[in-house]
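Step one of this worksheet: look at the structure below.
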Amino acid sequence: APSGRTFHFRAPALRWLSRAERDEAGTRVYDFHARDVAPVAPEDNAPGLTERAAYLHVSTYRTGEEVARWYWGLVAEQLRADDRVREIAQRVTRGMTAPRDKVRAIYNWVIQNTRYAALEFGIHGFKPYRVADVCQRGFGDCKDKASTIVTMLREVGIDASLVLVRTRNNGDVDPTPASLAVFAHAIAYVPPMPGIPDGIFLDGTAQNSAMDELPSMDQGAMALVVSQRGEGRLVHLPFVSAKNNRGALRTEL
């Protein structure tokens, strides 16, 4: 890397991992070397790999707040409503006064009217498409759907934020250093308000989940809430209560 660039490292203190640094004509070379590393046996439903094995994380960002500030600067323009988006938001919530009813109506509209399709070309691996385009086309990936939910909620007077998620199967990582690379999913968040005392997380890709039911990959997952002010807050997503977190299969032979 350029010698003037600052990097933050999370490297495990292990006897078989060596680290060296050297300068080569204006370039700084960081060399991490591991030999005879024991394999980690795969196991169904095991915790994520970063919770079972040593890992190296390198980033130009130190904290989640820095990542959130950069990410909001990248995506803010995409979360602007046009007349069609405003019309949809107003139409599906017409006559409603309770915030929870408005949240449910907009969540249901996105679930039912945008199918999941990931066209992650170039920067759009990280940057959502314009919400107006998502609504017009009728499809988008997780960050497109989350952006649509957030934008529509704001149009009807409900605060909402984007949330970057490291799904539970990937495992937790240390909070520092921080980077966008550790997150692979995006959902929306509504903070506590009348009728929603604990706030609520909304996964726009959860076609088979109700508004109050996070899919299993989200429950307990590490996440970064990105506010419209570019502020970041690391959280763990809630688990659904046991009575609502079950599956049943009945077979007649």
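The values are calculated or read from the model by the stated rules, or taken from the named source; none is laboratory data. In this text, all values refer to a predicted model and were calculated from it rather than measured experimentally. Ideal geometry is used to build each Cβ from the backbone, glycine not excepted, and the neighbour counts take in all protein chains shown. For the accessible areas, the whole protein counts, side chains as well, though only heavy atoms, and no ligand, DNA or RNA atoms are used. Shrake-Rupley method; radii C 1.70, N 1.55, O 1.52, S 1.80 Å.
Some notes on this structure:
- ASP212 meets the stated requirement of being in a loop (DSSP other than H, G, I, E, B), touching a strand residue (DSSP E or B) at 6+ places or on another chain (Cβ under 8 Å) and open to solvent by 30 Å² or more (accessible area, probe 1.4 Å).
- Entirely in segment 1-115, the helices (runs of 4 or more DSSP H) that have 3 or more residues that are of a type in the set (Val, Ile, Thr): 83-92, 99-113
- Scanning segment 215-251 for residues that are of a type outside the set (Ser, Thr, Tyr) and open to solvent by less than 20 Å² (accessible area, probe 1.4 Å) returns ASP218, GLN219, GLY220, ALA221, MET222, ALA223, LEU224, VAL225, VAL226, GLY230, GLY232, LEU237.
- The lone exception for GLY247 - which of (1) of a type outside the set (A, V, I, L, M); (2) closer than 30 Å to PRO42 by Cβ; (3) modelled with pLDDT of 95 or more it fails: (3)
- In segment 149-165, the residues that are of a type in the set (Lys, Arg) reach residues that are open to solvent by 10 Å² or more (accessible area, probe 1.4 Å) and modelled with pLDDT under 95 with C-beta atoms within less than 9 angstrom, at least six apart or across chains, in these pairs: ARG154/GLN228.
- On inspection, TYR71 qualifies as open to solvent by less than 60 Å² (accessible area, probe 1.4 Å) and not β-branched (Val, Ile, Thr).
- Set GLY138, GLY171, GLY122: member being at positive phi, touching a residue at least 12 places away in the same chain (Cβ under 8 Å) and surrounded by fewer than 16 Cβ atoms within 10 Å (Cβ to Cβ): GLY138
- Selection status of TYR55, in contact (Cβ under 8 Å) with a residue 24 or more places away in the chain, open to solvent by 70 Å² or more (accessible area, probe 1.4 Å) and among the hydroxyl-bearing types (Ser, Thr, Tyr): no
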